[in-house]
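The values are calculated or read from the model by the stated rules, or taken from the named source; none is laboratory data. Everything numeric in this text was worked out from a predicted model, so none of it was measured. As a convention, Cβ positions derive from the backbone with ideal geometry for all residues, glycine included, and neighbour counts pool all protein chains shown. Areas reflect the complete protein model, heavy atoms only, side chains present, ligands, DNA and RNA absent. Shrake-Rupley method; radii C 1.70, N 1.55, O 1.52, S 1.80 Å.
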Amino acid sequence: MARMHTRRRGSSGSDKPATDEPPEWSDVDEDAIEERVVELAEQGHDPSQIGMKLRDEGVQGTPIPDVKLATGKKVTEILEEHDASPEVPEDLYNLLERAVRLREHMDENPGDAQNKRALQNTESKIRRLANYYRGDELDTDFTYTYEFAKELTE
């Protein structure tokens, strides 16, 4: 278990059902699913939000419990194929958003030591994740700056 910035252990989440084919009641055409995925991305939804929307609302009224089982491709793969993938990966984007919020809070509350540490930890995670993505999903010369994060998340 990765214990990044704390002594506690993470709590385990639920697992997806172990199956390799979509349920019979969810038999929507692959192209229709892909179209809906791209459409939702253009409306500004993140890949994880797209998955939840397809699970809850479905396509043509039929829920899609697992996009990968139904189409053989992940949501992010579908977006890449249709040139609709986001500028930065979703996990990195969420950390950038958090860093911007924390930095704004620190500007208003300079004595808040707890959130100062939270900001340091968040920025460490950003740098660590940027190293992972650099050269692949990020430019080779990508470096994290607050200004870049603020610009991106507005």
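Treat every Asp and Glu Cβ in the chain as -1 and every Lys and Arg Cβ as +1, leave all other atoms uncharged, and give the resulting dipole magnitude about the Cα centre to the nearest 20 debye.
1640
Mind checking the per residue accessible area of the chain for me, 1.4 Å probe, whole number of Å²?
69
Using a simple spin-label model with points 7 Å from Cα along the Cα→Cβ vector, what separation in nm is obtained for GLU21 and GLU97?
Inter-label distance under the simple model: 3.8 nm.
Which order do peptides 108-115, 25-32, 45-52, 8-15 fall in by mean Cβ count within 10 Å, highest first?
Top to bottom by mean Cβ count within 10 Å: 45-52, 25-32, 108-115, 8-15.
Could you tell me which residue out of VAL67, GLY111, LEU54 lies farthest along the dipole of region 46-122 toward its positive end? Charges go on the beta carbon: Lys and Arg +1, Asp and Glu -1, centred on the Cα centre.
Selected residue: GLY111.
Going through the cross-link list LYS16/LYS150; LYS16/LYS53; LYS116/LYS150; LYS125/LYS150; LYS74/LYS116; LYS53/LYS73, which pairs have a Cα-Cα distance over 27 Å in this structure?
Too far apart for the 27 Å limit: LYS16/LYS150; LYS74/LYS116.
Please state the relative contact order of the chain as a whole percent: Cα pairs under 8 Å, 6+ residues apart?
18
List the chymotrypsin sites (Phe, Trp or Tyr not before Pro) in region 99-143 that DSSP assigns to loop (not H, G, I, E or B) and whose Cβ has at most 16 other Cβ atoms within 10 Å. Which are they?
PHE142
In deg cm²/dmol and to the nearest 500, what is the mean residue ellipticity at 222 nm of the chain if only DSSP H runs of at least 4 residues count, each as -39500 (n - 2.57), divided by the residue total?
-16500 deg cm²/dmol
How large, in Å, is the chain by the Kirkwood hydrodynamic radius built from its alpha-carbon pairs?
18.0
Starting from the Cα-Cα distance between ARG9 and TYR144, subtract it from 0.36 nm times their residue separation and give me the gain in nm to one decimal.
This chain segment gains 45.8 nm when fully extended.
If you add up the charges near LYS116, with Lys and Arg at +1 and Asp and Glu at -1, over every other residue whose beta carbon is less than 12 angstrom from its beta carbon, what do you get?
-1
Determine the share of the chain's accessible area contributed by carbon and sulfur atoms, expressed in whole percent, with a 1.4 angstrom probe.
43
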